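A short write-up of the structure that comes next.
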Amino acid sequence: TTPHRFAAVDLGASSGRVIVGEVAAERLTLHEAHRFPNQPTRVLGTLHWDILSLYQGILNGLKAAANSTPRPLTSIGIDTWAVDYGLLAADGTLLANPVHYRDTRTTNAAEKVAKVLSPQALYATTGIQHLPFNTIYQLISAQGTPALTAAHRLLLIPDLLSYWLTGEPGTELTNASTTQLIDPRTRDWATPVAQALGIDLTLFPPLRRPGDPAGTLRQEVLAQTGLTTPLPVTAVGSHDTASAVVGVPATTPDFAYIATGTWSLAGLELDAPVLTEASRAANFTNELGVDGTVRYLRNIMGLWMLQECVRAWESRGTTATQRIQATHTQDLTALLQAAAQATPLRSVVDAGDPAFIAPDHMPDRIADACRRTGQPVPRTPAETTRCVLDSLALAHRRAIDDAARLSGRTVRTVHIVGGGVHNALLCQLTADACGLPVIAGPAEAAALGNVLVQARAAGVITGGLSELRALLHSTQPLRQYEPTGDHSAWDRAAARLGDAQVTRAAT
Ligand code: LFR
């Protein structure tokens, strides 16, 4: 049979891509049609997404996808990072440039929220981990601003881009759960939470579920891209992490996953949320997944820490050795090789600490954290890189252990998907830290999950998540890492951070 072609728009924090997936009964291949940078811009002290440039990147990507072969696309799906949004006037005009979740405007929002709703009550209803940038904190911080006051409608980032393509507003459920305004038991709005906080839920257009239709391309877009009418947009797991977890090639139920990239999202797929006080204290989230699932996970800083270090080294031009190791991005390979030779577990930091969320001065912040916990301060880029990767592996292990304990499940395999798949040292250290086999791949899990949900909605493939995953397993290249080394070294490293981590989780 002739394969169907689907365009997956997948926007990450540092780049966006339009990827074409070809799907037939036993076949699944990806081609990258277009990749473009995502460059946040600070204006008058506020960090913004450059949303029009991202939209133009999508149009260029769709054009490239249309030109790449004469065979038509069957549909388009969009996934991006979570929590952020655009505000629209009644006529659909975007009222302000969306603010980046790493902006510090939400610094005092949790206190304000706690005055009306205790963290315990908020968690018991929404099951969402405390992250300073959750949409409720952004909305509380924006209360009284001209844009929010004038807003007629709020669209989460993938819904905003989809609206521009089709003219049809909607709120996709997996991403909506990250607003902290959804009750994971009913999978519908947590109206009492919104009311208590004075958040107007009528700003959100009706909920859509992954697989639901999301309109067809407007005439303007057809003209801009050279695509032919009528081309539908299908709602997918529009939160990139939801799509990435669909893209985990698991073949048994006893798996944990780590979706890696700017963040590491480490945890389990569950059928029902865990809303216990122990789960709240451990800062686990119950985001909603595709097909009625729950993503029970913790956010870990991820490769952001390394990206920010490299950016700092590139702009600083320190000693000659450091330059050799870090100035050119092609030297990332050299840097990782040097890190692999550095002393293991010499110093570790808490990669779950929100102190690492904001941009700038990352090597100094890592050095400070080592100093505070009485550990040697990394001196070179290689040592700092090793510290970051050891710390990530340790945080991966802790999240997976905690998730298993808090949900009463057993984990026998760890799947790593996303950009971190290319980082063999991180994969090996994670296997070592967890004491479990790691299966790494695919790197483009979010795009694959996006494509698979579209293909199923179009009737090209059938089945539940396990059938979709079986197709991934049989078509995508995967690499396995077995645990090595002295496991107790990881216990000792964890003990060095123990107290700091417990204190943070309890607040
Ligand atoms: C990953 C991700 C995470 C979310 C963070 C902020 O790209 O979507 O799941 O917590 O970005 O939106």
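Mind checking which helices in the chain clear 24 Å along their axis (Cα) and have mean Kyte-Doolittle hydropathy of -1.0 or more, DSSP H runs only?
Details: long enough: 51-68 (25 Å, 0.64); 381-407 (38 Å, -0.10); 487-506 (27 Å, -0.47).
Taking the DSSP H segments of the chain (at least 24 Å long, mean hydropathy at least -1.0), we get 51-68, 381-407, 487-506.
Show that you can apply the helix-only estimate: for the chain, add -39,500 (n - 2.57) for every DSSP H stretch of four or more residues, divide by all residues, and state [θ] at 222 nm to the nearest 500. Could the numbers behind the result be given before it?
On the way: 20 runs with 210 residues, N = 507.
Per the formula, -12500 deg cm²/dmol.
Would you mind putting 448-454, 337-343, 382-388 in packing order, based on average other-beta-carbon counts within 10 Å, highest first? List each step's numbers first, then the result.
Numbers: 448-454: 31.4, 337-343: 16.1, 382-388: 26.1.
So the peptides 448-454, 337-343, 382-388, ranked by packing, come out 448-454, 382-388, 337-343.
Quick check on packing: order 370-380, 240-250 by the mean number of other C-beta atoms within 10 Å, highest mean leading. Each step should come with its number before you reach the end.
On the way: 370-380: 15.0, 240-250: 28.5.
For the peptides 370-380, 240-250, the packing ranking is 240-250, 370-380.
Place a +1 charge on the Cβ of each Lys and Arg in the stretch 60-159 and a -1 charge on the Cβ of each Asp and Glu, then give the dipole magnitude about the Cα centre in debye, rounded to the nearest 20. Provide the component values of the computation, followed by the final result.
On the way: 7 positive and 6 negative charges, 13 e Å.
Its charge dipole is roughly 60 debye.
Taking only the alpha-carbon positions of the stretch 351-472 and ignoring solvent, what does the Debye formula give for the base-10 log of I(q)/I(0) at q = 0.12, 0.14 Å⁻¹?
Results for the stretch 351-472 at q = 0.12, 0.14 Å⁻¹ read -0.62, -0.79.
Would you give the gap between the C-alpha center of the stretch 1-71 and the C-alpha center of the stretch 382-444, rounded to a whole Å?
Between the Cα centres of the stretch 1-71 and the stretch 382-444 lies a distance of 28 Å.
Mind jotting down the three principal axis lengths of the stretch 333-399 based on Cα atoms? Whole angstrom, largest first.
Per principal axis, max minus min of the Cα coordinates gives 29, 26, 24 Å.
Let me know the shape class of the chain, please: from the alpha-carbon gyration tensor, a ≥ b ≥ c as square roots of the eigenvalues, rounded when a/c is under 1.5, otherwise prolate if a/b is greater than b/c, or oblate. Intermediate values should be presented prior to the final figure.
Details: a/c = 1.42, a/b = 1.23, b/c = 1.15.
Rounded shape, in that the Cα axes give a/c under 1.5.
Which number do you get for Rg(Cα) / (2.2 N^0.38 Å) in the stretch 12-102? Show your work: numbers first, answer last.
Working: Rg = 15.9 Å, N = 91, 2.2 N^0.38 = 12.2 Å.
Compared with the compact-globule rule of thumb, the stretch 12-102 sits at 1.30.
We did not get these values from a lab; they are worked out from the coordinates using the rules stated. Worth saying up front: this structure is predicted, and the values here are computed from it rather than measured. Neighbour counts are summed over all protein chains in view; Cβ atoms, including those assigned to glycine, are modelled from backbone coordinates with ideal geometry.
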